Amino acid sequence: MVLRRPNLRSLSPATLSSSILSSLPSAQTFSNLSPDSASSTLLSSLSASFDFLCPLSSRPARSSTPAPWLDDSLRAHRTGLRAAERKWRKTRLPADLASFHALLSTFSSSVSAAKATFYHSKFQASASNPRKLFATFSSLLNPPPPPPPSSLSADDFVNHFEKKADDIRSSFAKPNDTAGPAHTALPCALTSFSPLSPDEISRLVTAGRPTTCPLDPIPSSLLQTISGDLLPYLTSLINSSLTAGYVPSVFKRARVAPLLKKPTLDPSDINNYRPVSLLSFLSKTLERAVLGQLSCYLSQNDLLDPNQSGFKTGHSTETALLCVTEALRTAKANSLSSALILLDLSAAFDTVNRQILLSTLSELGISGAAHAWIASYLTGRSYQVAWRESVSAPRALTTGVPQGSVLGPLLFSLYTKSLGSVISSHGLSYHCYADDTQLIFSFPPSDNQVANRISACLADISVWMTAHHLKLNLGKTELLLLPGKDCPFHDLAITVDNSLVSSSQSAKNLGVILDNTLSFSTNIKAVTRSCRFMLYNIRRVRPCLTQEAAQVLVQALVISRLDYCNSLLAGLPACAIKPLQLIQNAAARLVFNLPKFSHVTPLLRSLHWLPVEARIRYKSMVLAYGAVRGTAPPYLQALIRPYTQTRALRSSTSGLLASLPLRKHSSRSAQSKLFAALAPQWWNNLPHDARTAESITTFRRHLKPHLFKEYLG
């Protein structure tokens, strides 16, 4: 049986809102309730009103879904076709066979035409809605997933996930035997979270992504629609939680859905699944109320790790990778070799020791009701696994930070902040993005102690990880050795805790494949391969697409791949990025449905697409603008400096940047690929209006026409 709500689309938000308000106490009475009582009252009213106005009904599950493009005429044609087939099988006459083949050919062409018409109208209707457009595209290309195997149950999954975490935790000291970091008094303190105004609560609710999970009493999109009517209740609920330093128990529940790691894996093997934690929309709204104040406190008091790029405004995987590659290229320009070590953690979020985390927060000046709120947020949590139509019994979460949460990533980055001092004590630099940590060690080619120093650093990292209840997976930790200019390739093997970490020719880091020459040839091949596959898929359905829909799909599935972290390709020769340009050319022809060798420049002009080389420059200049204006990460701001003169000239106010001087004994070709060298050169060639733009929007408005004119005339 299948459960559904047949009248969901006809449900009036105003009717739902009126029903909910009639079942709630007055706003004044509600404001006097405890956080637990307030949350239970609100959720019960939401659920009861929604179930009354839009009740669940059941119907038998269909073994197959009829094709939506089959109409009465096609069904009649199919009936005649089957009759002709039966007649030929009975008589075996050549005339009956010819009649059957003629009907079959006509029916096949009619079905193809009906299918194309159906999807054309569907794509046309969803052209302005990317979400529906991608869903239609996926349903057309990909067959529906097979039903989940009945050999596995929800209890099997909950036992498997719990055992996996217990096996990791069993190697750590008991929490009572683990000493937390020493408390150090700070001049700053966060003792409580401030109550929010109704307008701030409204922005939190409407700005959140309307994802809905089984724990939500009503669809999140509906809640956003009627949030204005419920604003007094939502404001009272969130503010009572912040003031009391307590998270309602109902907001500490999670529903876990097992997800197959790869479509090609055996679905009957329980080891091929990963847990995906789903939290209610209102609980994540409450977390966002805390996240804003906590992030503001940490940023204003400079308490965040400057080498952590995860979950920070203005930071991204691209800025993190640019920082890493800039360090490697700088070393190469100075004829130094480098080692890049990519650490891998096992179930990092699940094994965090909460005592150590709370002690770390105290060390950062978080105390009082603010500390109590986070302690309440971490403790008393539970989860259930949902599989097929069954749900497991609740299980307690005694360790870790909640996966799928809003606050979890920030708390994890604070938890691992002290790891940086361990790495720096060995003379290595590092950069982090969430739980991905990259170590960088540059050294003269003649240094024969490299392996020992890296081994000692990894050994101390392993000790730190164990003390903080994290497991360093040395088997998946990768080592990349990059020789300096005119230096031989190194072949090092690092041994730590009886595990061997061998060097490789390339390694994938935050979605980009780095090779030991920083030519990015392997990554470019991987990008072009995935783009060709996407172009092939879009080409299969192109007859059903309008030009507008085709452009949306191509930009989302192909051009976005060309643009991902493309600032890393700055300074590469034209021959290196030519494969990417060929992909863009093919994408433009596909949008206009033109032959393979059609002239592409007019197409790029019509689409307002910059060529790949110009797109690389565009991204680099956007990052440079952030560095100039102070909105980029500090490690990017340190790479450029304004041009200053000893005498006051008119050019001193033109927003120029100082060129990077050529260092003695440095490689000119290697230094020319540095962001610190290219950014000032490209920046100083921009129009004055672009360099002095007051906002990023204005800057982009001046930058694109400038590059468009330079590259496409």
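Once the range 288-341 is narrowed to residues that are of a type outside the set (Ser, Thr, Tyr) and on the phi > 0 side of the Ramachandran plot, the residue that is surrounded by the fewest Cβ atoms within 10 Å (Cβ to Cβ) is Asp302. Among the candidates Leu215, Leu265, the residue that is surrounded by 13 or more Cβ atoms within 10 Å (Cβ to Cβ) and either assigned by TED's automatic domain parsing to the domain that holds Gln384 or assigned to a helix (DSSP H, G or I) (or both) is uniquely Leu215. Pairing residues of the range 293-306 that are at pLDDT below 95 with residues that are surrounded by fewer than 16 Cβ atoms within 10 Å (Cβ to Cβ), at Cβ distances under 6 Å and at least 6 apart in sequence or on separate chains, gives Asn301/Cys188; Pro306/Pro634. Can you find a residue in the range 635-648 that is in contact (Cβ under 8 Å) with a residue 60 or more places away in the chain, under 21 Å from Val324 (Cα atoms) and assigned to a loop (DSSP other than H, G, I, E, B)? Scanning the range 635-648 turns up at least one residue that is in contact (Cβ under 8 Å) with a residue 60 or more places away in the chain, under 21 Å from Val324 (Cα atoms) and assigned to a loop (DSSP other than H, G, I, E, B). Applying the set (1) touching a helix residue (DSSP H, G or I) at 6+ places or on another chain (Cβ under 8 Å); (2) of a type in the set (S, T, N, Q); (3) outside the structural domain of Ile454 (by TED's automatic domain parsing) to Ser338 leaves exactly one unmet item: (3). The numbered conditions (1) in contact with a strand residue (DSSP E or B) (Cβ under 6 Å, 6 or more places away or on another chain); (2) within 22 Å of Ser429 (Cβ to Cβ); (3) without any contact (Cβ under 8 Å) to a residue 24 or more places away in the chain are all true for Val463 except (1). Yes or no: Lys596 surrounded by fewer than 15 Cβ atoms within 10 Å (Cβ to Cβ), outside any loop (DSSP other than H, G, I, E, B) and without any contact (Cβ under 8 Å) to a residue 40 or more places away in the chain? Judged against the criteria, Lys596 is not a match. Go through (1) within 30 Å of His599 (Cα to Cα); (2) modelled with pLDDT under 95; (3) buried (at least 17 other Cβ atoms within 10 Å of the Cβ) and name the single condition Leu656 misses. In the conditions (1) within 30 Å of His599 (Cα to Cα); (2) modelled with pLDDT under 95; (3) buried (at least 17 other Cβ atoms within 10 Å of the Cβ), Leu656 misses (1) alone.
This table checks each residue for (1) modelled with pLDDT of 95 or more; (2) over 30 Å from the mean Cα position of the chain (by Cα); (3) in a loop (DSSP other than H, G, I, E, B).
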| position | (1), (2), (3) |
| --- | --- |
| Gln403 | no, no, yes |
| Leu411 | yes, no, no |
| Lys417 | no, no, yes |
| Tyr430 | yes, no, no |
| Gln438 | yes, no, no |
| Phe441 | yes, no, no |
| Arg453 | no, yes, no |
| Thr466 | no, no, no |
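Checked against the criterion of being farther than 30 Å from Arg78 by Cα and either modelled with pLDDT of 80 or more or not polar (S, T, N, Q) (or both), the range 104-113 has no qualifying residue.
If we scan the range 318-341, do we find a residue that is assigned to a strand (DSSP E or B) and of a type outside the set (A, V, I, L, M)? Checked against the condition, which is being assigned to a strand (DSSP E or B) and of a type outside the set (A, V, I, L, M), the range 318-341 yields at least one hit.
Could you list, in sequence order, all residues of the range 691-713 that are in a helix (DSSP H, G or I), within 31 Å of the chain's Cα centre (by Cα) and hydrophobic (A, V, I, L, M, F, W, C)? Listed by number, the residues that qualify are Ile696, Phe699, Leu703, Leu707, Phe708.
Yes or no, residue by residue, for (1) touching a strand residue (DSSP E or B) at 6+ places or on another chain (Cβ under 6 Å); (2) closer than 19 Å to Leu303 by Cα; (3) surrounded by fewer than 16 Cβ atoms within 10 Å (Cβ to Cβ):
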{"site": "Leu414", "(1), (2), (3)": "no, yes, no"}
{"site": "Val422", "(1), (2), (3)": "no, yes, no"}
{"site": "Gly427", "(1), (2), (3)": "no, no, yes"}
{"site": "Asp435", "(1), (2), (3)": "yes, yes, no"}
{"site": "Ser446", "(1), (2), (3)": "no, no, yes"}
{"site": "Gln449", "(1), (2), (3)": "no, no, yes"}
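Being under 27 Å from the mean Cα position of the chain (by Cα), surrounded by fewer than 17 Cβ atoms within 10 Å (Cβ to Cβ) and of a type outside the set (Ser, Thr, Tyr) is not true of Lys471.
When the range 1-40 is filtered for residues that are within 20 Å of Pro219 (Cα to Cα) and at pLDDT below 85, the ones remaining, listed by number, are Val2, Leu3, Arg4, Arg5, Pro6, Asn7, Leu8, Arg9, Ser10.
Thr517 meets the conditions (1) farther than 30 Å from Phe118 by Cα; (2) of a type in the set (Val, Ile, Thr); (3) over 22 Å from the mean Cα position of the chain (by Cα); (4) crowded, with 18+ Cβ neighbours inside 10 Å in every case but one. The failed one is (4). You will find that of Ala372, Ala459, the residue that is outside any strand (DSSP E or B) and touching an Asp or Glu at 6+ places or on another chain (Cβ under 8 Å) is Ala459 and no other.
Return the residues of the range 599-614 that are assigned to a helix (DSSP H, G or I) and surrounded by fewer than 15 Cβ atoms within 10 Å (Cβ to Cβ); say none if nothing qualifies.
Listed by number, the residues that qualify are Thr601, Pro602, Arg605, Ser606.
Are there any strands (runs of 3 or more DSSP E) wholly within the range 491-572 with 1 or more residues that are among the hydroxyl-bearing types (Ser, Thr, Tyr), and if so which?
Details: elements: 493-496, 499-504, 506-509, 512-515.
Those strands (runs of 3 or more DSSP E) span 493-496, 499-504, 506-509.
Among the residues of the range 667-713, the ones that are surrounded by 15 or more Cβ atoms within 10 Å (Cβ to Cβ) and under 30 Å from Ser335 (Cα atoms) come to 15 in all.
Please verify whether the range 574-582 includes one or more residues that are β-branched (Val, Ile, Thr) and either outside any helix (DSSP H, G or I) or within 28 Å of Lys132 (Cβ to Cβ) (or both). No; the residues of the range 574-582 include none that is β-branched (Val, Ile, Thr) and either outside any helix (DSSP H, G or I) or within 28 Å of Lys132 (Cβ to Cβ) (or both).
Residues that are touching a strand residue (DSSP E or B) at 6+ places or on another chain (Cβ under 7 Å) and surrounded by 21 or more Cβ atoms within 10 Å (Cβ to Cβ) are absent from the range 542-563. When the range 480-506 is filtered for residues that are crowded, with 20+ Cβ neighbours inside 10 Å and either within 27 Å of Arg561 (Cα to Cα) or out of contact with any strand residue (DSSP E or B) (no Cβ under 9 Å at 6 or more places or on another chain) (or both), the ones remaining, listed by number, are Leu480, Leu482.
Can you tell me which residue is modelled with the highest pLDDT among those in the range 481-498 that are over 26 Å from Ala320 (Cβ atoms) and within 34 Å of the chain's Cα centre (by Cα)? Filtering first and then ranking leaves Thr495. On inspection, Ala670 qualifies as part of a helix (DSSP H, G or I) and either modelled with pLDDT under 95 or touching a Lys or Arg at 6+ places or on another chain (Cβ under 7 Å) (or both).
Number of residues in the range 91-147 that are in a helix (DSSP H, G or I), free of Cβ contacts under 8 Å to residues at least 12 places away in the same chain and within 34 Å of the chain's Cα centre (by Cα) equals 7.
The values are calculated or read from the model by the stated rules, or taken from the named source; none is laboratory data. Please read all numbers here as calculations on a predicted model, not as lab measurements. Positions of Cβ are generated from backbone atoms using ideal geometry, with glycine treated the same way; all protein chains shown enter the neighbour counts.
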